[in-house]
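Down below is the structure, laid out as structure tokens.
The values are calculated or read from the model by the stated rules, or taken from the named source; none is laboratory data. These numbers come from a predicted model, not from an experiment. Note that we place each Cβ from the backbone using ideal geometry, even for glycine, and neighbour counts take in every protein chain shown. These accessible areas exclude ligands, DNA and RNA; they are computed on the full protein's heavy atoms, side chains included. Shrake-Rupley method; radii C 1.70, N 1.55, O 1.52, S 1.80 Å.
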Amino acid sequence: MVIDFSIGKLIVTVNEIQCRFHDNHIVLAAAVDDISCFHQGLVIAADGGTVRWSIKLDNATQLEQVLNYTGIQAQ
């Protein structure tokens, strides 16, 4: 599944989430097991030990699409 948002796009599979930024060709990726989602702030956060990143989405619909597709439980 591909979700476009203001600064790039999310590529979501049942195993992984990738965030690809439009302007600078940076790609952040993390296994679904390392992802947390937060309704408060519309944030997707990855914490895989020594690697951490977070992305703020544009709206609740985008977050709900990620949650429904991956089965992640939001906090």
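Tabulated results
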| read-out | value |
| --- | --- |
| Residues located in the stretch 39-49, provided they are of a type outside the set (A, V, I, L, M) and in a loop (DSSP other than H, G, I, E, B) | His39, Gln40, Gly41, Gly48, Gly49 |
| Within the stretch 50-75, tally of residues that are part of a loop (DSSP other than H, G, I, E, B), open to solvent by 60 Å² or more (accessible area, probe 1.4 Å) and either in contact (Cβ under 8 Å) with a residue 60 or more places away in the chain or in contact with a strand residue (DSSP E or B) (Cβ under 7 Å, 6 or more places away or on another chain) (or both) | 2 |
| The stretch 18-32, subset free of Cβ contacts under 8 Å to residues at least 40 places away in the same chain and open to solvent by less than 30 Å² (accessible area, probe 1.4 Å), residue farthest from Gly8 (Cα to Cα) | Ala30 |
| Verdict on Ile35 being surrounded by 11 or more Cβ atoms within 10 Å (Cβ to Cβ), touching a residue at least 40 places away in the same chain (Cβ under 8 Å) and among the β-branched types (Val, Ile, Thr) | no |
